[in-house]
Structures are given as C-alpha cells and as structure tokens.
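Coordinate-derived values only; no laboratory data. No experiment lies behind these values; they were computed from the predicted model shown. Cβ coordinates were reconstructed from backbone atoms using ideal geometry, including for glycine residues, and neighbour counts include every protein chain displayed.
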Amino acid sequence: MFEGHFERMKMLEGHFVRLKMLEGHFERMKMFEGHFERMKMFEGHFERMKMFEGHFERMNMFEGHFERMKMFEGHFERMKMLD
C-alpha cells in the first residue's frame, strides 16, 4: 500500500521547493502595486500630450515664417536710412 505513497511524497518535495521560490516573487509583486497606481496617474498625461502633437506641427509651419521675417529686418533698416 505504502510503496506508491512514498513515490508521490518525493514528487511533492520538488513542488514545495518551487512554492518557496514563488514566495519571494509575490513579495516583489507587492512592490510593483504602487508602481501601477502611479502609472494610472500618467495615463491622463499622455492623453494631454496627444493634444499637443498638432500644436507642434503648426509650430513647424511658423519656422519658415520667422526665417522670412529675418530677411525683412535688413530691409527695414535700409528704409530707416532713407528717411
């Protein structure tokens, strides 16, 4: 009767060793819980950043405008000399 019982007990020994390894894993997971809560705070931040993407594209359009304005600066200085 007991022969199969002892073989099953040996199989369980390895199982308990693996369970001990997992205990440390669960402790590390608890450390991460606060991390995930902080990540949720950032979700709204990323949504707001998407709103800005179009803004930056419009700013790029203005860069050429400012370069053209610099070309006019010399023109206005020459106009003052004519006064």
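Pairwise Cα separations in the chain fall into 10 Å bins from 0 onward with the following percentages, short to long: 13, 14, 13, 13, 12, 10, 8, 7, 5, 3, 2, 1. Taking each DSSP H run with n ≥ 4 as -39500 (n - 2.57) and averaging over every residue of the chain yields -37500 deg cm²/dmol at 222 nm. A Förster radius of 35 Å, combined with the Cβ-Cβ distance separating residue 43 from residue 23, puts the computed FRET efficiency at roughly 0.65.
Taking a Cβ cut-off of under 14 Å around residue 57, the surrounding Lys, Arg, Asp and Glu residues balance to a net charge of 0, with basic ones at +1 and acidic ones at -1.
Computed on the Cα atoms alone, the convex hull of the range 1-43 gives a volume of 72 cubic angstrom per residue.
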